[in-house]
Amino acid sequence: MILRDYQEEIVERNLDAMRRGVKSTLNGLFTGAGKTVIFCSLADRIPGRTLIICSLRELVWQAVDKVREITDADPDIE
């Protein structure tokens, strides 16, 4: 998937932070900015597992659908 310029910038900033030893990051964006696409791209580029926390079950299923759409991952839901 091709990211928008600002999405790629956010991904790169997070990856740079992780390379500097930052263990976790927090990103806030406006509605429709592509937060799900951003975390999918991040999860696809870093080794290991990724934890995504959603406040609503509907958001969980939306995230799962998007992950399956743009990556080869098959996410677990707990």
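Scanning region 21-59 for residues that are outside any loop (DSSP other than H, G, I, E, B) and either loosely packed, with under 15 Cβ neighbours inside 10 Å or small (Gly, Ala, Ser) (or both) gives Ser41, Ala43, Arg45, Arg57, Glu58, Leu59. Looking at region 36-60, I want the residues that are over 20 Å from Leu3 (Cβ atoms) and of a type outside the set (Val, Ile, Thr) and have a partner that is surrounded by 15 or more Cβ atoms within 10 Å (Cβ to Cβ) and modelled with pLDDT of 85 or more with Cβ atoms under 7 Å, at least 6 apart or on another chain. Which pairs are those? Matching pairs, first to second residue: Cys54/Val60; Cys54/Ala63. Looking only at region 18-27, decide whether some residue is small (Gly, Ala, Ser), modelled with pLDDT of 90 or more and closer than 16 Å to Tyr6 by Cβ. Within region 18-27 (the criterion being small (Gly, Ala, Ser), modelled with pLDDT of 90 or more and closer than 16 Å to Tyr6 by Cβ), the answer is no, since none of the residues qualifies.
Regarding Ser55, is this residue in contact with a helix residue (DSSP H, G or I) (Cβ under 8 Å, 6 or more places away or on another chain) and of a type outside the set (Phe, Trp, Tyr)? If you could, list the steps in order and put the result at the bottom.
Values: in contact with a helix residue (DSSP H, G or I) (Cβ under 8 Å, 6 or more places away or on another chain): no; of a type outside the set (Phe, Trp, Tyr): yes.
For Ser55, the condition - in contact with a helix residue (DSSP H, G or I) (Cβ under 8 Å, 6 or more places away or on another chain) and of a type outside the set (Phe, Trp, Tyr) - is not met.
The values are calculated or read from the model by the stated rules, or taken from the named source; none is laboratory data. Just so you know, these numbers come straight off a predicted model, no measurement behind them. Don't worry about glycine lacking a Cβ; one is built from the backbone with ideal geometry, like all the others, and counts go over all protein chains shown.
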